Structure formats: C-alpha cells, structure tokens
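Asker: Quick one: the structure is below, and I'll ask about it shortly.
The values are calculated or read from the model by the stated rules, or taken from the named source; none is laboratory data. Just so you know, these numbers come straight off a predicted model, no measurement behind them. All Cβ positions, glycine included, derive from the backbone under ideal geometry; neighbour counts span all protein chains shown.
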Amino acid sequence: MAGLLDPLLKDVIVGQAEVRNIFDLSKGGRVAGCAVTNGRLIRGKMRLRRRGNLVYEGVSLTLKRFQDEVNEVRSGMECGVRLDGFDDYQEGDIIECYSVEKIAAKLE
C-alpha cells in the first residue's frame, strides 16, 4: 500500500550567496555579482530573498566565474548570476540554490 502513495517533495538548500554588486550588460539585462556565503551554488533551481521575503523563484540563466560559464561555485568564491526573467536585483539580496528531494511516503 505504501508504494502506491505519491512521494513527498522536500526542498533542500544547497547553498546561499549574497548580492554584492549589480552590473548592467551592454546587450541589456543585469547580472548580480555575488559572494557565496555557505554551501555551493549550482546551475538550476534558485530563489531570491529580500529581507527574508521571497521575491523570485525559478531557474538560473547563467552562472559565471570571471568570464567562464561554470556548473558550480563553492563557498568563499565570487560569481555572476543571471536569473531567468528577473532583473530587479538589489545589494544585500540573498540568492538560494536548492534541489527537490523525493521522500517515500509512509503509512502511519
């Protein structure tokens, strides 16, 4: 019976970065210059929090270290982040990278 239940989905925070600077691109759009404060940032699902409130939730458009596109940036390093469909960055914003884990449902 337990195998028929839908799995529970749980968000697990992989890492966080703080926006330190905002750069305007010549092609249009903006890049958030970030410092990874804990964990690691990986390409994929991200959300942006401003003063504790959720402002944006979606996916990353680019994740760059210097001029190179990368898949992961570790704690203590700096990177540039563009979020898909979001340009309203402010200094002090927190960008969270997360993954969704499936947990098998249990009968109680």
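Asker: What pairs come up if the first residue lies in the range 86-108 and is on the phi < 0 side of the Ramachandran plot, the second is in a loop (DSSP other than H, G, I, E, B) and surrounded by 15 or more Cβ atoms within 10 Å (Cβ to Cβ), and their beta carbons are under 9 Å apart, counting only those six or more places apart or on different chains?
Answerer: Matching pairs, first to second residue: Ile95/Tyr89; Cys97/Arg43.
Asker: Then there is this: Is it the case, given these coordinates, that Lys102 is of a type in the set (Lys, Arg), modelled with pLDDT under 95, part of a loop (DSSP other than H, G, I, E, B) and over 13 Å from the mean Cα position of the chain (by Cα)?
Answerer: no
Asker: Sort out which residues of the range 29-77 are of a type outside the set (Asp, Glu), in a strand (DSSP E or B) and farther than 16 Å from Gln16 by Cβ, and write them in order of number.
Answerer: Arg30, Val31, Gly58, Val59, Leu61, Thr62, Lys64, Arg65
Asker: Check Phe86, Phe66 and return the single one that is of a type in the set (Phe, Trp, Tyr) and loosely packed, with under 14 Cβ neighbours inside 10 Å.
Answerer: Phe66
Asker: Answer yes or no as to whether Val55 is in contact (Cβ under 8 Å) with a residue 60 or more places away in the chain, of a type outside the set (Asp, Glu) and surrounded by 15 or more Cβ atoms within 10 Å (Cβ to Cβ).
Answerer: no
Asker: Scan Ile94, Ile103 and give me the residue that is under 30 Å from Leu4 (Cβ atoms) and of a type in the set (Val, Ile, Thr).
Answerer: Ile103
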